[in-house]
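Reading through the structure tokens given below for one structure.
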Amino acid sequence: MKARIPERGTRQLRKGRLSQKESYYFITTCTCNKQRLFVDEHSVRIVFDALDWLEQSGFIEVHFCIVMPDHLHLVMQLVGEKSLSDVVKSLKQFTSRRLRQVRRLEVPVWQEQFYDHMLRRDESLIETIRYCWFNPVRAGLVKYPNDYPYWKSKYKLD
């Protein structure tokens with residue numbers, strides 16, 4: 001089998017990736033070729049169900065998630081024995097399988113890589129969440145963040 005050469009820049013995403021239990025992470029992952037796959041409640045529910053399973057299984061604690069049409073922002077705490085890469089891999093595998101079944105897709109759902117940022121002590125969890133929450137406003141999808149339907153948070157946002 002011929003080895004795949006990573007796309008330009010993907011090695012940089014893995015460089016310095018650290019899985020540290022109890023740490024908070026800001027994760028962004030995009031659909032393959034920026035396909036607009038998450039434009040209906042049923043498709044978004046698949047992502048939320050996967051996150052619920054990961055949380056109930058004791059691998060992560062979800063603090064905030066917003067599913068945009070072509071990407072996902074997740075603010076979570078790594079609490080279980082799975083590495084950060086394994087958590088994201090589980091999320092992508094489950095959602096890919098279900099979306100292929102439901103929407104009869106024959107193309108990849110997610111890009112192979114993802115962006116992660118471990119929040120440092122001087123970074124505000126709530127400010128990171130607010131940044132994600134305003135993403136649909138910046139994208140021109142809604143005028144106010146509360147108007148966008150595909151997000152969930154542990155915190156009251158206003």
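HN-Hα J couplings of region 57-70 from phi, Karplus 6.51/-1.76/1.60, θ = phi - 60°, integer Hz, Gly and Pro as x?
So the J values, rounded to whole Hz, are 7, x, 8, 9, 10, 7, 9, 7, 8, 9, 9, 8, x, 10.
Quick one: which residues, 5 or more positions from V79 or on another chain, have an amide H under 5 Å from its amide H? H modelled 1.01 Å from N in the peptide plane, none for Pro or chain starts.
It is E22, I60, E61, by chain and number.
Can you give the FRET efficiency for M118 and K156, using 1/(1 + (r/R0)^6), R0 = 25 Å, r = Cβ-Cβ distance, to the nearest 0.05?
0.50
Under a plain spin-label model, where a point goes 7 Å from the Cα along Cα-to-Cβ, how far apart in nm are D40 and A139?
1.8
Output ³J(HN,Hα) for region 112-126: one whole-Hz value per residue in order, computed from phi by the Karplus curve 6.51 cos²θ - 1.76 cosθ + 1.60 with θ = phi - 60°, and x for Gly and Pro.
These are the phi-based 3J(HN,Hα) values: 5, 9, 8, 9, 9, 9, 7, 5, 8, 4, 8, 9, 8, 4, 5 Hz.
Which order do the peptides 87-97, 65-75, 25-35 come out in when sorted by mean C-beta neighbours inside 10 angstrom, highest first?
So the peptides 87-97, 65-75, 25-35, ranked by packing, come out 65-75, 87-97, 25-35.
Report the full-extension gain for the segment Q56 to R103: residue separation times 0.36 nm, less the Cα-Cα distance, to one decimal in nm.
Length gained, Q56 through R103: 14.3 nm.
Let me have the 222 nm mean residue ellipticity of the chain computed from DSSP H runs of 4+ only, each contributing -39500 (n - 2.57), with the sum over all residues rounded to the nearest 500.
-10500 deg cm²/dmol
Compute from the Cα atoms of region 19-146 the Rg and the Dmax, the latter being the longest Cα-Cα distance, and quote both in angstrom.
14.3, 45
Throughout, read-outs are computed from the coordinates displayed, never taken from laboratory work. Remember, it's a predicted structure, so these values are computed and weren't measured experimentally. Note that each Cβ is placed from the backbone with ideal geometry, even for glycine, and that neighbours are counted across all protein chains shown.
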